Amino acid sequence: MNLVDVLLAGATLGGLYALVAMGLTLQYGVARIMNLSYGEFLIAPAFLAYVLVVQHGASPLAVLVLALPLGFALQWAVYQLLLTPLVRRTGAGPQLEVDSILATFGLLFVVQGVMLVAFGGNYHSYGYLSVPVQVLGSTVAANRLLVLLVALGLGAGLYLLLTRTRIGTVVRAVAVAPRFAPLVGIDVRRTAALAFGLGGALVAACGVLVSMFLPFSATMGTMFAMKALIVVIMGGVGNLMGCLLAGLLLGFAETLVASFVDPGLTLAVNYALFLLVLLLRPAGLFGRAAR
Amino acid sequence: MSAYSKRTWLRRAAAAAALALCAPLAPAQEAPKSVRIGWAIAKTGPNAGGTATTVTPNYQMWVKEINAAGGLMLKAHGRRVPIEVVEYDDRSSSEEAVRATERLMTQDKVDFVLPPWGTANNLAVGPTYEKHGYPLLAVNSITDKAPQLVKRWKHAFFFLGTGAQYAQALIGYLDEARKAGRIGDRIAMVHIADGFGVDLASAARKAAGQHGFTLAYDKSYPVGTQDMTPILNEVKGRDADVFIAFSYPPDTMLITDQAQVLGFNPKVMFTGVGTQFPMYKKKFGAAAEGVMGPGGVDFDSPAIQDYFKRHQAASGQEPDRFASTVQYAALQVLQQAIERVGKVDRAAVTQEIRTGRFDTILGPVQLDNQMFTNLWWVGQWQNGEFYGIAPSSKPGAKPALLPKPAWKN
């Protein structure tokens, strides 16, 4: 196995990890909601894609475009209806994290239950863009390359949005100092809802992309949420660039170990890297300590 | 003395006559309203996928068909008695499976209990079945420990063989192919780092050594692996004619998909659980031509064709081509055992399962030492069906497609 193969496989896997985690970092970093039902909102759009593609012959790319606003609207509504009362009650203090974990934990079972009733516990899978593409003499599946490109595109785009625009500055202000943001006239709750919805749009897009090449079932959401959480914490909560970097780092590490040492050790390397980052930089790669 | 004995005799005769008259009436009065059958299976959690593919459709179809015919024929009561189901979700956890099974037996007091999906959970509930004297018809459970377990568990029946049997049959079959000069002696093997994968890999490793094969690659990968490219690229460079993956459904899909993309086309490609699933057929269709896996079905058998039709009609999905047919046959065994005994008598039913000969969709089934081993060990996709190819001596066996044809994109 040559180096280009390894780099390419690492980059596509890393891109997938980063993409899975980006929505969560916005939701957790800005809205301060530890959304445990995150994985279910990744699987739900995968089912949407499955139904539209397999039963109605739609193009998965069209579903991807549809999923973005749909995911935003859904998660925005979840924030407004389910989470706003919690935010109000706790005054967005530390208690909010505990309460939101419990609330979204419940939501996890509701969404999962609905999917189980609708689709059963079976695995579902369809193929799209499962064709080889040659990159620098190495072969890679087009759908995985697409994931990497979307991850890079969304990561860079959102990074620019957050650092270069007024609304981005507002979002960052809420992320860094939610208590003081109102002093300069920022509506914290509206901004948090916006960030939460944005996270929803990202996770929905991710679900559609994942459905193109990974088999999924109604109960697989938790696995994705776990992976996302590791990447988010490694990258620094609320930091998109950190998310991208942490995802790629894990992807490269796993692929290197699988190629040159033993594929059985990928999980071990994953958690070793996670521990190392936590030991050296407890707030994550790009995180600021003691916010 | 004689008068006394005569009177006694008369009295006894009268009593006997009265009893004989009452006899047909009395049991009819005690006939149960229903035969209660319980199951605790995974509706959620990591086992839910396998359960929904192989277990739930068969359990439900079996009950539906019996009740449509009026119920189980209990001849001791002289009538048919419908089945009533008590169901729990074990959430894929073995603790929960044990708890729910115990509850079914002691609180719900069901008459029979059907087991969950997966080797680990079948083994976890085994002691509970044994303690309460319920027959355990373990189908979705492949363990090398089965021959030892049946010595301790007099109520346990294993229907899907042992890991070693699959591995030995596969390597033995490859040996035949090598002797015929159709493949070389290098094998590349990967397995999932979990019960089923580890068992089969260690058995295959041993068998490969005995038959003089060279293992060009022999590694494991963890559950939940989302990219097989590194493994496949590595295996591609090892110049092996045979690629074996003892995998679970999601990784089986991944390996097939990515092997196709990478243009990795060994002469023999064998993937694990999932190769036989309807999802696999739906996704890969003609591209799967020549892929091998454990299990297989004799599609030329009318009973099997009929079963596939009924399964499709009852659940809207096809059965899998590995455990589904065996699962249904095991339920037929239970049904016939109960009907032969003619009443809800678990000890007698268990004894009947142990020694009886039953007529099922797989043909006649008779357990040997509480195990059923007249199975297909290796199957292969040929013209859109997953036919049994090994043991090659079994009636209905198809000759293998070797070498595997190129991927059709």
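The values are calculated or read from the model by the stated rules, or taken from the named source; none is laboratory data. Since the model is a prediction, treat every value here as computed from it, not as a measurement. Glycine also receives a Cβ, built like all others from the backbone with ideal geometry; neighbour counts cover every protein chain displayed.
Laid out as a table, the results:
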read-out: Candidate set from region A:54-77 (those that are among the polar types (S, T, N, Q) and part of a helix (DSSP H, G or I)); member that is surrounded by the fewest Cβ atoms within 10 Å (Cβ to Cβ); value: A:Gln55
read-out: Selected residue [exposed (fewer than 15 other Cβ atoms within 10 Å of the Cβ), over 22 Å from B:Pro116 (Cβ atoms) and of a type in the set (Ser, Thr, Tyr)] from B:Ser301, B:Ser393; value: B:Ser393
read-out: Residue check, A:Leu249 of a type in the set (A, V, I, L, M, F, W, C) and modelled with pLDDT of 90 or more; value: yes
read-out: Residue list for region A:125-143, filter: more than 7 Å from chain B (Cβ to nearest Cβ), within 18 Å of A:Pro45 (Cα to Cα) and crowded, with 21+ Cβ neighbours inside 10 Å; value: A:Asn143
read-out: In region B:185-239, residue surrounded by the most Cβ atoms within 10 Å (Cβ to Cβ) [restricted to those that are farther than 25 Å from A:Pro215 by Cβ and among the aliphatic types (A, V, I, L, M)]; value: B:Ile187
read-out: Selection from region A:19-58 of residues that are polar (S, T, N, Q) and closer than 25 Å to A:Leu250 by Cβ; value: A:Thr25, A:Gln27, A:Asn35, A:Ser37
read-out: Residue count, region A:127-146 (criterion: among the hydroxyl-bearing types (Ser, Thr, Tyr) and at pLDDT 85 or above); value: 1
read-out: Which listed residue, of B:Arg321, B:Arg340, is buried (at least 24 other Cβ atoms within 10 Å of the Cβ) and either touching a residue at least 12 places away in the same chain (Cβ under 8 Å) or assigned to a helix (DSSP H, G or I) (or both); value: B:Arg321
read-out: Residues satisfying the stated conditions in region B:252-265, i.e. part of a helix (DSSP H, G or I) and more than 9 Å from chain A (Cβ to nearest Cβ); value: B:Ile255, B:Thr256, B:Ala259
read-out: Scan of region B:336-369 for residues that are within 16 Å of the chain's Cα centre (by Cα), within 24 Å of B:Arg36 (Cα to Cα) and polar (S, T, N, Q), ordered by number; value: B:Thr360
read-out: Yes/no for B:Phe270 being more than 10 Å from every other protein chain (Cβ to nearest Cβ), free of Cβ contacts under 8 Å to residues at least 60 places away in the same chain, closer than 19 Å to B:Leu200 by Cα and buried (at least 21 other Cβ atoms within 10 Å of the Cβ); value: no
read-out: Number of the condition not met by A:Ala49 [criteria: (1) assigned to a helix (DSSP H, G or I); (2) out of contact with any Pro (no Cβ under 7 Å at 6 or more places or on another chain)]; value: (2)
read-out: Which numbered condition B:Ala100 fails, given (1) modelled with pLDDT of 95 or more; (2) surrounded by fewer than 21 Cβ atoms within 10 Å (Cβ to Cβ); value: (2)
read-out: Failed item in (1) within 11 Å of chain A (Cβ to nearest Cβ); (2) under 25 Å from the mean Cα position of the chain (by Cα); (3) aromatic (Phe, Trp, Tyr), with B:Tyr221 passing the rest; value: (2)
read-out: Any hit, region A:145-152, residues being at the interface with chain B (Cβ under 7 Å from one of its Cβ atoms) and either crowded, with 17+ Cβ neighbours inside 10 Å or farther than 19 Å from A:Ala205 by Cα (or both); value: no
read-out: Subset of region B:289-307 [touching a helix residue (DSSP H, G or I) at 6+ places or on another chain (Cβ under 9 Å) and either outside any loop (DSSP other than H, G, I, E, B) or more than 28 Å from B:Pro405 (Cβ to Cβ) (or both)]; value: B:Met292, B:Gly293, B:Pro294, B:Val297, B:Ile304, B:Tyr307
read-out: All strands (runs of 3 or more DSSP E) inside region B:67-172 with 2 or more residues being among the charged types (D, E, K, R); value: B:79-81, B:83-89
read-out: Hits in region B:224-240 - residues which are of a type in the set (A, V, I, L, M, F, W, C) and either touching a residue at least 40 places away in the same chain (Cβ under 8 Å) or part of a helix (DSSP H, G or I) (or both); value: B:Ile231, B:Leu232, B:Val235, B:Ala240
read-out: Residue in region A:4-12 that is more than 27 Å from A:Phe286 (Cβ to Cβ) and within 14 Å of chain B (Cβ to nearest Cβ) present; value: yes
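Here is a yes/no grid of residues against (1) in contact (Cβ under 8 Å) with a residue 12 or more places away in the chain; (2) within 12 Å of another protein chain (Cβ to nearest Cβ); (3) farther than 30 Å from A:Leu160 by Cβ; (4) more than 18 Å from the chain's Cα centre (by Cα):
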residue: A:Met220; (1), (2), (3), (4): yes, yes, yes, no
residue: A:Ala246; (1), (2), (3), (4): yes, no, no, no
residue: A:Ala258; (1), (2), (3), (4): no, yes, yes, yes
residue: A:Leu265; (1), (2), (3), (4): no, yes, yes, yes
residue: A:Asn270; (1), (2), (3), (4): yes, yes, no, no
